[in-house]
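Notes follow once the structure below has been shown.
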Amino acid sequence: MAGERVPVSRRGQALVELALLLPVLILLAMGTLDVGRVFQGYLDLANATREGAAYAALNPTDANLTSDVTNVMTTESNGLIPGTLNVTVSFSPNNSAGSQVTVTATASYPLLTTAILGWRSLSLSASAGMMVQ
């Protein structure tokens, strides 16, 4: 055993591994946060859409129904739905009692992680239906 060489120091190996893996780990953590934020945004949009459908079911003859439903949805979401909220209200077959009202809403939700890669937002959509009273 007299002639064996001692291995060269490996002090820099951990630093190189950290430098290679840290950006990947940071992107993974940010992506996880984005998924959570988008899911919360969808839940906010879905809840606001249900509130809008309830308003439309109780006020089917409102002259400004779409704008009033949009205002109800904005109020109920407490401003948690970012960007422009696009709302459509439709009745099947008409707006008389016993008919179905459907409120569909879409919103563009900003992303943090993929903004680095050029994909800045995700379109979220929710729909709710209720019987006209």
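The values are calculated or read from the model by the stated rules, or taken from the named source; none is laboratory data. Quick caveat: nothing in here was measured; it's all calculated off a predicted structure. Reconstructed Cβ throughout: ideal geometry from the backbone, glycine too, with neighbour counts over all protein chains shown.
So which of Leu111, Leu85, Leu117 is more than 15 Å from Glu51 (Cα to Cα), among the hydrophobic types (A, V, I, L, M, F, W, C) and touching a Ser or Thr at 6+ places or on another chain (Cβ under 8 Å)? After ruling out the rest, the residue left standing is Leu111. Note on segment 92-113: residues that are in contact (Cβ under 8 Å) with a residue 60 or more places away in the chain and either surrounded by fewer than 16 Cβ atoms within 10 Å (Cβ to Cβ) or in a loop (DSSP other than H, G, I, E, B) (or both) total 3. Is there a residue being part of a helix (DSSP H, G or I), under 30 Å from Ile26 (Cα atoms), modelled with pLDDT under 95 and of a type outside the set (A, V, I, L, M) anywhere in segment 114-122? Yes, that holds for at least one residue.
Restricting to segment 35-54, count the residues that are β-branched (Val, Ile, Thr) and either outside any helix (DSSP H, G or I) or out of contact with any Leu (no Cβ under 9 Å at 6 or more places or on another chain) (or both). The total comes to 2. Consider segment 114-129 and keep the residues that are closer than 15 Å to Arg37 by Cβ and not polar (S, T, N, Q). The one that is surrounded by the fewest Cβ atoms within 10 Å (Cβ to Cβ) is Trp119.
Selection of segment 55-66 for residues being of a type in the set (A, V, I, L, M, F, W, C) and either modelled with pLDDT of 95 or more or in a helix (DSSP H, G or I) (or both) yields Ala56, Ala57, Leu58, Leu65.
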